[in-house]
Structures are given as structure tokens and as C-alpha cells.
Amino acid sequence: MPNILLVGATSAIAQALAHEFAARGANLVLWGRSPERLQTLGADLRIRWGGKVETETVDVNACEFHNAKFDRAVRAVDGLDAAVFCHGSLSNQGECEKDFSQAEKQLRINCLSVISLLTVSANYFQMRRKGTIVAISSVAGDRGRQSNYVYGTAKAALNVFLQGMRNRLHSSGVKVITVKPGFVDTPMTGHLKKGVLFASPSRVSQDILRAIELGRPVVYTPWFWRYIMLIIRLIPETLFQRLKL
């Protein structure tokens, strides 16, 4: 029975994942910002699926406490088999352009906090010579666009970090999976007009589970974003800089 740490557990995608994991008999350690929402989610999972669910309120930006928090998660379920990082924030590009402190805040939550936790988890799983690490990035990291380049910068840096970590851990038998969703219908995108390119959190969670089962290093979700982003990456810079994207 796998033991899984789920960070950002009250996000829409993470909640869908939590139910999928619990339905498969996993024991869960859930981290999030809101103790009330964590307790509600934990209770629901226990009632529905009957497995062990531990919850802890965590400020992911407090990187100095990550080692201690991770150790506590390991002890809570007597060892971890996987760690899944789902936390993040969608930047307000306009505010980030006007005020670097806003850009710095977004870079911290979307990149630096994740890298800190990835470092801790990588060291743990490398020592065990097994395990799975999953981090949700974004298609926004594939190319900088004027509409969200601060958010995209954070995700691009995260993608390269995950790529290097995957290379580092391959010989140890540890899987590192980068998840690149496109538009997902969640509260974080509630201000955006929905269209045919939007996917449900459930659809994304199914794609993540499939990637874990098959050991895929990088997954675009839904699948068509791989080809959309391929086209966008191939546009020459002299043309791309004139586009309103």
C-alpha cells in the first residue's frame, strides 16, 4: 500500500488526485494552508475510502522548515513512496510588471518553494533508491508570452530543475515526473472565460495517474497541449515578438 505526500492538497487538481489515490488504497499525508479545508478533505477521504489520512498546515514559503516538515510526514505514515507537489499561484501579470515585489512573491511560491521541497524529497528518495516525485508545472513555461511571462518564468525554471533532477536520480531508480497542464477549470482560473481548451481537474488527475503508472517523465495534459506548444515554440522570434499572446 503506497504512502503519498500531497502538497497543496486543497487545490482542485490535488483534491481529485487525493480521491484517486485513496480509492486505490494509498495512505496520505496532506499539506495545505487552510486547516479547516484540510480537516474537511481528510474526513471526507477517510469516510469514503477508509485509509489513513494525516493532515498538516504548512506555509510552503517557509523553506527553512521544509526538512523538519518532511521528516514529520515520513514518520506519520512510516515512510513515503511518492511526493506530489501541486501548490502554486496564478500571477497577476500587470501587478508584477509594475512592482518587483509582486513578481518576487510569484517566483517564490511558483518556483523557489517547490525547488526547496523537491531538494528535500530528492535526497530522501535517493537514499532509499526508489520512489516517485511529481511536480505540477505548466505549458506557460515552454515560451515567454506577454500575458503571463512572470508565471512562465517560474515554471520554465522549475522545468529545467526537474529535468536536471530526473537526470541525477535516474540511476537511483527514482522517477521524476513533470506535469504540464494547459487551461484547467479551477478557482485559480475563475476569472478567465472558459472555452474548448479547458480541462477538468478530474481529467488532469487521470493523466497524472497514467503518467505515474507508465513512468512517463513529462506529461502534457490534456494531450493536445504537446502539439499546441510545439507550434508555439517553433514560431520564429522575429514574428513571435509581434504577437499578442
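The values are calculated or read from the model by the stated rules, or taken from the named source; none is laboratory data. All values reported here derive from a predicted model rather than from experimental measurement. All Cβ positions, glycine included, derive from the backbone under ideal geometry; neighbour counts span all protein chains shown.
Tabulated results
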item	result
Residue that is hydrophobic (A, V, I, L, M, F, W, C), surrounded by 18 or more Cβ atoms within 10 Å (Cβ to Cβ) and farther than 18 Å from VAL134 by Cα, where the choices are VAL29, VAL53	VAL53
Subset of segment 126-146 (residues that are of a type in the set (A, V, I, L, M, F, W, C) and assigned to a helix (DSSP H, G or I))	MET127, VAL139, ALA140
Output for segment 77-91, where each listed residue is more than 15 Å from VAL60 (Cα to Cα) and buried (at least 17 other Cβ atoms within 10 Å of the Cβ)	VAL77, LEU80, ASP81, ALA82, LEU90, SER91
Residue that is within 30 Å of TYR149 (Cα to Cα) and among the acidic types (Asp, Glu), where the choices are GLU36, GLU56, GLU64	GLU64
Qualifying residue in segment 174-195 (condition: under 26 Å from ILE109 (Cβ atoms), more than 19 Å from the chain's Cα centre (by Cα) and either at pLDDT 95 or above or surrounded by 14 or more Cβ atoms within 10 Å (Cβ to Cβ) (or both))	no
Members of segment 150-160 found to be of a type outside the set (Val, Ile, Thr) and either without any contact (Cβ under 8 Å) to a residue 40 or more places away in the chain or surrounded by fewer than 19 Cβ atoms within 10 Å (Cβ to Cβ) (or both), listed by number	GLY152, ALA156, ALA157, ASN159
Every residue from segment 2-33 that is touching a Cys at 6+ places or on another chain (Cβ under 7 Å) and β-branched (Val, Ile, Thr)	VAL7, ILE13
Subset of segment 218-245 that is surrounded by 10 or more Cβ atoms within 10 Å (Cβ to Cβ) and of a type in the set (Ser, Thr, Tyr) - its residue that is farthest from the chain's Cα centre (by Cα)	TYR227
Lone qualifier among LEU107, LEU45, LEU80 - being at pLDDT 95 or above and more than 26 Å from ARG24 (Cβ to Cβ)	LEU107
Evaluation of GLN15 against (1) in a helix (DSSP H, G or I); (2) more than 19 Å from SER205 (Cα to Cα); (3) under 20 Å from the mean Cα position of the chain (by Cα); (4) not basic (Lys, Arg) (one fails), failing number	(2)
Filtered residues of segment 4-15 (kept if surrounded by 21 or more Cβ atoms within 10 Å (Cβ to Cβ) and not β-branched (Val, Ile, Thr))	LEU5, LEU6, GLY8, ALA9, SER11, ALA14, GLN15
Members of segment 202-221 that are of a type in the set (D, E, K, R) and closer than 16 Å to THR132 by Cα	ASP207, ARG210, GLU213, ARG216
